1. Just tell me the longest site-free run in the chain, where the sites are GluC sites (Glu not before Pro) in a DSSP loop having at most 15 other beta-carbon atoms within 10 Å.
2. What does the charge dipole of the chain about its Cα centre add up to, to the nearest 20 debye, if the Cβ of each Lys and Arg holds +1 and the Cβ of each Asp and Glu holds -1?
3. Between Val63 and Asp173, what length comes free when the chain is fully extended (0.36 nm per residue of separation minus the Cα-Cα distance, one decimal in nm)?
4. D for segment 31-146, whole µm²/s, Stokes-Einstein with Kirkwood Rh over alpha-carbon pairs at 37 °C and 0.692 mPa s: what number?
5. Taking Rh as the Kirkwood radius, which is the inverse of the mean 1/r over Cα pairs, what is the Rg/Rh value for the chain?
6. Between Val112 and Ala125, what length in nm is gained on full extension when 0.36 nm per residue of separation is reduced by their alpha carbon distance?
7. Just the C-alpha atoms of segment 149-190: what Rg/Rh do they give, with Rh taken as the Kirkwood radius?
8. Could you check the spin-label model distance between Ala28 and Leu45? Points 7 Å from the Cα along Cα→Cβ, value in nm.
Amino acid sequence: MTAATANPAGTGPSGRLWHRASLLIPAAGAGLTLFALWELAVRALDIQEFLLPKPSSIAEALVDNWTEVEGLATVSLREAGWNTTVIAFTGLLIGVMLGALLALLATRYVRVGQTITPFAVAANATPIIALAPIFNAWFGITSAVSNQAVVVVVVFFPVFVNTARGLLEVEPDQLELMRSYGASDMSVLRQVRIPNAIPFFLTSLRLAAPLSVIAAIVAEYFGGPQDRLGPVITQNASFARYDVAWAAIVVASAVGLVLFGLAVALERVAMPWRRPAEVL
């Protein structure tokens with residue numbers, strides 16, 4: 001067998017890398033087109049900067065305020081982005097672990113599930129703007145725990161619901177086969193239910209990753225240290241420095257994309273047999 005036959009074109013490491021990168025080309029092209037049309041529309045229609053800054057103005061503000069503090073700003077965008085990332089990531093981690101653990105308990109013990117599920121639905125139906133002031137009163141307005149608690153509540157529900165669904169929606173034939181071998185409930189959970197729930201759990205993780213950033217920033221609007229993206233956005237918007245506010249939003253979007261990318265990468269590692277298009 002020749003080398004060409006053993007390793008056909010496009011199946012080597014470089015071919016697989018190029019194939020995965022090519023999946024991002026349509027999204028990158030659409031994004032560049034959107035920004036170009038945005039820039040042209042603002043210039044052609046003579047839209048004022050305080051209504052809608054040009055992408056070029058936002059990019060300039062991002063560069064100017066990335067490591068240095070200018071004007072009314074009290075913190076650089078890099079520092080604010082990092083602090084918000086820590087809040088979002090730690091809250092995401094705690095919420096994911098809590099959601100997965102309670103889903104296991106809810107599916108293993110019926111009474112636990114009947115008790116937890118109504119509370120989970122009620123927590124998900126509660127607006128973030130109602131939770132943030134309450135947690136600030138409980139944990140202190142200057143404590144990071146209050147913002148992390150908001151992220152935990154927001155992240156918990158999709159992880160809990162999807163993981164519980166994966167644990168319960170098992171093929172009856174698989175359960176019947178395990179019972180025919182006299183397998184215990186713990187063996188069924190470990191060998192059938194948990195493997196079946198992994199795709200559901202990873203899907204919920206992709207949903208929860210960007211939600212954690214949204215929850216962290218909204219929680220920051222209601223108090224806490226000023227060295228985070230939420231206060232940076234509100235302060236600069238209050239003083240009509242919308243280019244800096246939009247630059248902070250760009251940083252927040254980048255953080256959400258990074259967390260989403262980590263979730264996708266984890267899914268690729270956990271289920272390598274799935275094609276990249278299926279994962280995305």
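Every number in this text was worked out from the coordinates using simple rules, so none of it is lab data. These numbers come from a predicted model, not from an experiment. We place every Cβ from the backbone using ideal geometry, glycine too, and count neighbours over all the protein chains shown.
1. No qualifying site falls inside 170-280, the longest such stretch.
2. 900
3. So the extension gain works out to 33.7 nm.
4. For these conditions, the coefficient is 175 µm²/s.
5. Using only Cα positions, Rg/Rh for the chain is 1.07.
6. Roughly 2.6 nm would be gained on extension.
7. 1.22
8. 2.9
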